[in-house]
Amino acid sequence: MDDNPQDQDYYLMWKTSRPIRRLIYPLEGLISDAAWGGVLLMICTVIALYLANSPWAHDYHEILNAPLDIGLGNSHLVLDVHHFINDALMAIFFFVVGLEIKRELLVGELSKVREATLPAVAALGGMIVPAIFFLALNWGGEGKHGWGIPMATDIAFSLGILSLLGKRVPLSAKVFLTAFAIVDDIGASMVIAFFYTESISWPMLGLAGIFFGLLALCNYTGVRRSAPYIFLSIFLWFCFLKSGVHPTIAGILAALTIPARPRLQSDEFLISTRMLLNRIEEKREEEENVLKNKEKHSLITDVELASRLTQTPIKRFENALHHWITFFIMPVFALANAGIAFDGDIASKLTHNVTIGVMLGLLLGKQVGVTLFCWIAVKLGWAQLPRSVSWGMLYGLTWLGGIGFTMSLFITNLAYGREAEFRDDAKLGILVASAIAGIGGCIVVSLFLPKNEVEESLDLDTDSDL
C-alpha cells in the first residue's frame, strides 16, 4: 500500500463501501486513464481496416451510407450515417477542443505570453513546414489541395503514447505537448474554415451570427444553466451546416461563449455550505431516512446546488463530455473513416505522391518545423525550454507531434471528399506515418528521460479564476 495520503483515503473509501462500489472503484481508475482511450482508438482502426477489406466490406459501406432522418415536427434533416458522424458527432468533439482552447488561454499554458510563446512557435513550425513538404511533392498535381492534412496533431494519441513512458516523463513535457497540440488545433480549425469551404450561403451565415450573438449574450448576462447554451448551439450548428462552412466550426465558436466563471465564488460557497451543514447537523437526531425527512432532503439538495453553482460551466461541460469523446465519438469516427480498401498494389499506393507527401509532412516536416522554430525562438530570447525538458527530449516530442490521425483524417475527408483514390492514399499515409511517429517518439523520448521519477510543481490552478 502506497504511503500517499490521497491513496490511503481512496483505499479507506473502498474498504468501507458496499460490494458494488468495490467493483466500480478499480474500473473508474481504468476509465480515467487517457492511454486506454488511445488503445480503443487503435482497436477501432484495426476493425475498420479489416471490415473494409473483408467479405463484409459492402455491408460496412452500406451502413455508412444509410440515411438518417432527423426530424422535429414538420422539419426534417436527412444525413447519412457517415456525414452524421463527421458533421454532427465531430462538432461535439470540436466543442470540447474549443473548451480546452479557452481554458488554456485563460489560465493554462497559453495564458501568459512568455509561457505561450514556445508552444505557439512550435505549432507554427509544425504547420508551415509539413505543408511545404507536401506541396513540394504535389504542386501542380490533382492532389495538391491536401496540403492541410499533415498540419494536424492528434492530442489524444500523442498524450496517450507519452503516458506509456510512466512517471519519469516531466510534467512540463506533457504540458508543452498539450499546449503545442491545442495551438495546432486552432490553426487546423482556421485552415478548415478558410481553405476547405467551397461555397458560402451568406444569409445562413448571417443567421449563425445571430445565434452566436445570443450565446454571447447569455454569457454576458450571467446565464449559468446548460440548457440555453445547448439549445442555441444546436441552432448555430444547423446554420453552419446549411451555410457551406463546415459545421464543426460551430462547435468551437459555441465553446468560446461558455462561461468561465462560477455563479458562487469560493468564499460564498464556504459560507452557504457551512450554514446548510450546521442545519443538517442539528437535525441528525430526527428521521434518518432522507426521503421521509423533507426538510433534511431539501437541505442536502441545497448543498448539491451550491456545489454545482461553484463549478465553472466550462469545466462542467468538459467533465460531462470527456468520456463520451474518448470512449464513443472518437472510436466511432475511427470506425467510419479509417477503413481503407487495399484493392490494388499496396506498394503503388505507398509510392503515390499524396501518400508520400502526407508521410513526409507528418514525420520529417513536423520534426524539422517544430525543432527549427523552437531553436530560433530560444536563440532570439523569445522563449525558453520548459523545465526539465532537454533539446533531445523536445526532439522526441516532435516525433509524437507527427501523430495526425483524428484531425488529419478529418481534413482528408474535406480535401478529397469526391476523390476516393486520393482519399485512400492520404489515409494510408496518415496511418503509416502516425504508427511510425508513435513508435519513434516513444523510443526517442525514452532515451532522454531521467532514471528516476520526476516530481514537478507547475502553477496550473485552473479553478481559482474560472
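For Ile356, the solvent-accessible surface computed with a 1.4 Å probe is close to 50 Å², ligands and nucleic acids excluded. Any chance you could look up the accessible area of Glu142 with a 1.4 Å probe, heavy atoms only, rounded to 10 Å²? Probe radius 1.4 Å; accessible area of Glu142 about 140 Å². For region 35-112, the spherically averaged projection of the C-alpha convex hull amounts to 8.1 nm².
Ordering Phe84, Val97, Asn65 by Cα displacement along the dipole of region 60-111 toward the positive end leaves Val97 in first place; charges were set at the Cβ atoms of Lys, Arg (+1) and Asp, Glu (-1). Here the Karplus curve 6.51 cos²θ - 1.76 cosθ + 1.60, taken at θ = phi - 60°, turns the phi angles of region 310-323 into couplings of 7, 6, 7, x, 5, 6, 5, 5, 4, 5, 5, 9, 3, 5 Hz, with x standing for Gly and Pro. Applying a DSSP loop filter and a limit of 16 other Cβ atoms within 10 Å to the chymotrypsin sites (Phe, Trp or Tyr not before Pro) in region 128-195 leaves Trp139.
Qualifying trypsin sites (Lys or Arg not before Pro) in region 336-421, where qualification requires a DSSP coil assignment and no more than 16 other C-beta atoms within 10 Å, comprise Arg387, Arg418.
Would you mind checking Lys102/Lys315; Lys144/Lys174; Lys112/Lys379; Lys112/Lys451; Lys167/Lys315 for any pair whose Cα atoms are more than 22 angstrom apart? Check vs 22 Å cut-off fails for Lys144/Lys174; Lys112/Lys451; Lys167/Lys315. Sequentially through region 196-201, phi angles give Karplus couplings (6.51, -1.76, 1.60; θ = phi - 60°) of 10, 10, 6, 9, 10, 9 Hz, Gly and Pro residues having no value and appearing as x.
Exposure check, 1.4 Å probe, all protein chains in place: Val107 carries approximately 20 Å² of accessible surface.
Given +1 at the Cβ of Lys and Arg, -1 at the Cβ of Asp and Glu and no other charges, the dipole of region 94-140 around its Cα centre is 100 debye to the nearest 20.
The values are calculated or read from the model by the stated rules, or taken from the named source; none is laboratory data. What you are looking at is a predicted structure, and each value in this text was computed from that prediction instead of being measured. With ideal geometry, Cβ positions are generated from the backbone for all residues, glycine too; neighbour counts draw on all protein chains shown. Areas reflect the complete protein model, heavy atoms only, side chains present, ligands, DNA and RNA absent. Shrake-Rupley method; radii C 1.70, N 1.55, O 1.52, S 1.80 Å.
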